[in-house]
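See structure below.
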Amino acid sequence: MRAMLLVNPKATTTNRRTRDVLIRALGASMNLTVEETAYRGHAALLARKAHASGFDVVAVLGGDGTINETVNGLLNPVDGEAGEGRATDRPALLAIPGGSANVFARALGLPNDPVQAVGAVLEAVRDDRRRTVGLGQALWDDQSRYFTFCSGLGYDAEVIRAVEGMRGTGRKATPARYVNTALQHYLLTDKRHPAMTVEGPDVPAADGVFMAVVSNTSPWTYVGSRPVCPTPWASFETGLDMIGLQRLGLPAMLRLMPQIIGVRDTLPTGRHLVQLHDEKEFTLSAARPVAFQLDGDYLGEVERVTFRAIPAALQVLV
């Protein structure tokens with residue numbers, strides 16, 4: 001089995017020694033080519049190279065951002081053009097957690113520790129154990145990008161933007177930093193003038209939305225070891241789910257938080273929640289530019305994004 005391993009040398013939770021051990025373990029089971037990512041977007045280019053060169057597997061040692069780039073490279077073998085064909089027509093993905101949250105890998109059931117995760121994926125390689133998963137796709141401003149677990153508009157994307165700014169100054173994106181930033185940013189967030197509207201071919205229109213989370217699976221994220229599940233019915237085998245918050249005031253948030261933190265299977269309730277499940281397509285539009293993120297990667301401000309479910313898009317060794 002020919003595999004290309006994409007290594008993010010700046011991954012949050014690994015060091016050089018750990019990476020060398022993991023590479024040796026993978027190389028003992030596969031015909032392994034190792035490539036280090038050097039800049040934003042590099043993983044997508046390397047994944048396209050692996051696809052064009054006929055590799056069987058593209059493995060990723062990194063966080064959710066590196067995985068997202070890799071997936072987009074695999075599904076866009078020619079830059080800017082979506083790939084045609086079945087999941088079996090492109091290399092399978094193998095994910096090894098190396099970031100701060102590792103939501104995609106953990107949603108697949110892998111351990112959060114990279115050494116333990118390598119043990120699990122090597123069993124999958126040995127047994128050729130594969131899972132076909134669906135993806136989400138976001139389309140905006142003549143752009144298109146796939147996502148593996150979530151997208152968001154509004155408050156959560158604003159928090160990600162703030163944390164990315166801190167990372168630019170050399171600080172790590174730890175779970176504690178996300179929580180502290182979220183709390184500090186909440187105090188400054190506009191809680192009186194919602195900007196967004198939800199609409200779609202089979203979706204009842206709803207307006208007055210402050211924040212929207214679009215999910216391709218659950219959990220949405222983690223606080224340490226505790227899952228955060230605002231859309232607990234989302235899965236890789238269904239369409240897209242969404243939760244929209246029409247109130248951001250303290251009473252509404254204090255009601256919502258206990259319903260989604262550490263609770264995996266119960267749908268949150270509240271009169272000011274807009275909820276969608278297993279949808280093929282819908283659009284979020286805003287009266288003013290709002291912050292936008294995909295898989296924890298801040299992409300700027302937008303006024304309109306269409307989301308589509310892409311079923312059975314990718315094979316994963318897990």
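What follows draws every value from the coordinates through simple rules; no lab data is involved. Fair warning: this is a prediction, and the values are worked out from it, not measured in the lab. Here Cβ is always computed from backbone atoms with ideal geometry, including for glycine, and neighbour counts include all displayed protein chains.
With θ taken as phi - 60° and the coefficients 6.51, -1.76 and 1.60, list the Karplus ³J(HN,Hα) couplings across the range 210-217 in order, rounded to whole Hz; mark glycine and proline as x.
7, 8, 9, 10, 10, 10, 9, 7
For a protection proxy built on the mean count of beta-carbon atoms within 10 angstrom, sort 230-242, 110-122, 94-106, 159-171 highest first, please. Walk me through the numbers on the way to the answer.
Values: 230-242: 22.2, 110-122: 17.9, 94-106: 26.4, 159-171: 14.6.
Taking the mean over residues of other Cβ atoms within 10 Å, the ranking is 94-106, 230-242, 110-122, 159-171.
Just to be sure I understand the curve: with the Debye formula and one point per C-alpha of the range 120-210, what is log10 I(q)/I(0) at q = 0.18, 0.19, 0.25 Å⁻¹?
Rounded to two decimals, the profile gives -1.05, -1.08, -1.25.
Could you work out how far the C-alpha centroid of the range 222-262 sits from that of the range 1-80, in angstrom?
Distance between centres, Cα-based: 31 Å.
I need the peptides 128-134, 278-284 ranked by packing, meaning the mean over residues of other C-beta atoms within 10 angstrom, with the highest value on top.
In decreasing order of mean packing, 128-134, 278-284 become 278-284, 128-134.
Residue by residue, what Karplus-based ³J(HN,Hα) values in Hz, rounded to whole numbers, does the range 283-289 have, using 6.51, -1.76 and 1.60 with θ = phi - 60° and x for Gly and Pro?
Residue by residue, the range 283-289 yields 10, 10, 10, 9, 6, 8, x Hz.
From the helices alone, meaning DSSP H stretches of at least four residues, give me the mean residue ellipticity at 222 nm for the chain, per-run term -39500 (n - 2.57), in deg cm²/dmol to the nearest 500.
The helix contribution divided over the chain gives -9000 deg cm²/dmol.
Sorting check: for 67-73, 263-269, which peptide has the highest mean count of neighbouring beta carbons within 10 Å, and how do the rest follow?
The packing order, highest mean first, is 67-73, 263-269.
Where does helix 250-260 land angle-wise versus the long Cα axis of the chain, in degrees 0 to 90, nearest 10?
Computed tilt is about 40 degrees.
With N residues in the chain, what two-decimal value do you get for its Cα radius of gyration over 2.2 N^0.38 Å?
Working: Rg = 19.0 Å, N = 318, 2.2 N^0.38 = 19.6 Å.
The chain yields a ratio of 0.97.
List every residue whose amide H lies under 5 Å from the amide H of residue 150, counting only residues 5 or more places away in sequence or on a different chain, with H placed 1.01 Å from N in the peptide plane.
It is 216, 295, by chain and number.
Can you give me the angle between helix 16-27 and the longest principal axis of the chain, using Cα atoms only, in degrees from 0 to 90, rounded to the nearest 10?
60
Taking H placed 1.01 Å from N in the peptide plane, check which residues at least 5 places from residue 223 or on another chain put their amide H under 5 Å from its amide H.
Amide H neighbours of residue 223, under 5 Å, 5+ apart: 228.
If you project the alpha carbons of the range 156-201 onto their three principal axes, what span does each projection cover, largest first, in Å?
Between the extreme Cα coordinates on each principal axis of the range 156-201 lie 42, 26, 16 Å.
Counting only other residues whose beta carbon sits under 14 Å from that of residue 270, what net charge do I get with K and R as +1, D and E as -1?
Charge balance near residue 270 sits at +3.
Express in whole angstrom the spacing between the alpha-carbon centres of the range 285-306 and the range 153-201.
Between the Cα centres of the range 285-306 and the range 153-201 lies a distance of 12 Å.
Calculate how large, on average over all directions, the projected area of the Cα convex hull of the range 208-282 is; give the answer in nm² to one decimal.
5.0
Quick query: amide H of residue 312 versus all other amide H atoms, modeled in the peptide plane; which residues come in under 5 Å with a sequence gap of 5 or more or a different chain?
Residues meeting the criterion, in which the H sits 1.01 Å from N, are 134, 135.
Mean separation of Cα pairs under 8 Å and 6+ residues apart, divided by the residue count of the chain: what relative contact order is that in percent?
20
Give me the percent of DSSP beta bridges within the chain that run antiparallel, rounded to the nearest 5.
Antiparallel bridges: around 75 percent, rounded to the nearest 5.
Could I get the Rg over Rh figure for the range 55-183? Both from C-alpha atoms, Rh via Kirkwood, rounded to two places.
Answer for the range 55-183: 0.99.
Just from the alpha-carbon atoms, what are the Rg and Dmax of the range 146-311 in angstroms?
That works out to 14.9, 45 Å for Rg and Dmax.
Return the sequence-ordered ³J(HN,Hα) values of the range 48-65 in whole Hz as given by the Karplus equation 6.51 cos²θ - 1.76 cosθ + 1.60 applied to θ = phi - 60°, using x for Gly and Pro.
4, 4, 5, 4, 5, 8, x, 5, 7, 9, 10, 9, 10, 10, x, x, 5, x
Which whole-percent values make up P(r) of the range 2-128 when all C-alpha to C-alpha distances are grouped in 10 Å steps starting at zero?
14, 48, 33, 4
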